[in-house]
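Accompanying notes for the structure given below.
Every number in this text was worked out from the coordinates using simple rules, so none of it is lab data. Nothing here was measured: the structure is a model prediction, and the numbers come from that model. Here the Cβ positions follow ideal geometry from the backbone for every residue, glycine too, while neighbour counts run over all protein chains shown.
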Amino acid sequence: MALEQKLQLRMSQRLIMTPSLQQAIKLLQMSKLDLLEEINHELEDNPALEEGNLEGHTEEPPAETQESLSLGLALGVFGAINVLLAGIAFGVWWLLKKRRKSAVEDADLEAQEA
């Protein structure tokens, strides 16, 4: 009677296109004119929104706030790049594992035939 232990690790990753992500992608692809038209359309359709007037607004945010925003943006981009690279690395690892498993199965099949 042979006892055998096995340990398997399975990892998966997927990108879910949420409505807000779809909207962000759509808005980022628009030209300035199209974006202004979209904003005006949303202002007309949604009575809870108000058009702001920034013409008289000359005060800049404090330098600390600007630095925090820049750092936050940089960290966000860095995090997105890390997630993308991790996904690519996982995909490469999975393909290599699948190829190795296929090669081992082929070798076993050849050994059985011989």
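To the nearest 0.05, what FRET efficiency results for A89 and S20 with a Förster distance of 22 Å applied to their C-beta separation?
Efficiency, from the Cβ-Cβ distance: 0.20.
Subtracting the Cα-Cα distance from 0.36 nm times the residue separation, let me have the gained length for V104 to S12 in nm, one decimal.
30.8 nm
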